[in-house]
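Comments concern the structure below.
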Amino acid sequence: MQKQAKIAKKKTVKKVPELQIEFTSDFAKEVYAKREKPFNWAKGDSGIDLSFVSDEYKEEVLLPGEFKMIPTGVKCHLVNVRGDEFEIQIRGRSGLSAKGIMPSFGTIDFSYAGELKVVLFNFSSEPFYYKTGDRIAQIVIHKIEQPEIELVEELDETDRGEGGFGSTGV
């Protein structure tokens, strides 16, 4: 009976990361405050939107075929987790992607605590105009696994072998 009592007293620790967010300036804080939900997401949402924020209100243009590193005005850092458990990923927003405007998929390592910047590409044939406060990408917290690495002289054989780049059909 004593053993059961001890087990019942153990606390369950959730493996949920905490995301600390800091604004790079009062101006950035002001820009995000104007959004309906600056960093709160609805149940079922997987990402947090990032906005274009520079040092003043302005409009910029991303020409066809061009890419730029876009400042977001926020710094963030994952805390209360082991460094090998989680990462932050930069992902596109579907509305922009449908127009040919896409961020470079990126990984922000656990130890990074600087400003988040988004490398934005214009794959369309039209200029893309964006202004301070426009949502340009989103971040997703992703659990990762670090595999054990085994160096071998030859890989194990598989059914697929070296077939790639469309070898299994469309």
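The values are calculated or read from the model by the stated rules, or taken from the named source; none is laboratory data. Just so it is clear, the structure is predicted and the values come from calculations on it, not from any experiment. No Cβ is skipped: glycine too gets one built from the backbone with ideal geometry, and neighbour counts run over all protein chains shown. Please note that ligands, DNA and RNA were not included when accessible areas were found on the heavy atoms of the full protein model with its side chains. Shrake-Rupley method; radii C 1.70, N 1.55, O 1.52, S 1.80 Å.
Structural remarks
- Ranked packing of 140-153, 87-100, most packed first, by mean Cβ within 10 Å: 87-100, 140-153
- For the residue pairs Lys29/Lys117; Lys43/Lys99; Lys68/Lys117, alpha carbon separations beyond 21 Å are given by Lys43/Lys99.
- Take the range 20-74 with all the other protein chains still there, run a 1.4 Å probe, and you get 63 Å² of accessible area per residue.
- Evaluated over the range 72-141, the Cα radius of gyration and Dmax, each in Å: 13.7, 45
- Solvent-accessible surface of the range 81-170, averaged per residue with a 1.4 angstrom probe and all protein chains in place: 72 square angstrom.
- Close amide H partners of Ile70, meaning residues 5 or more places away or on another chain with modelled amide H under 5 Å apart, are Val118, Val119, Leu120.
- What a 1.4 Å probe finds exposed on the range 75-170 is 50% carbon and sulfur by accessible area, rounded to a whole percent.
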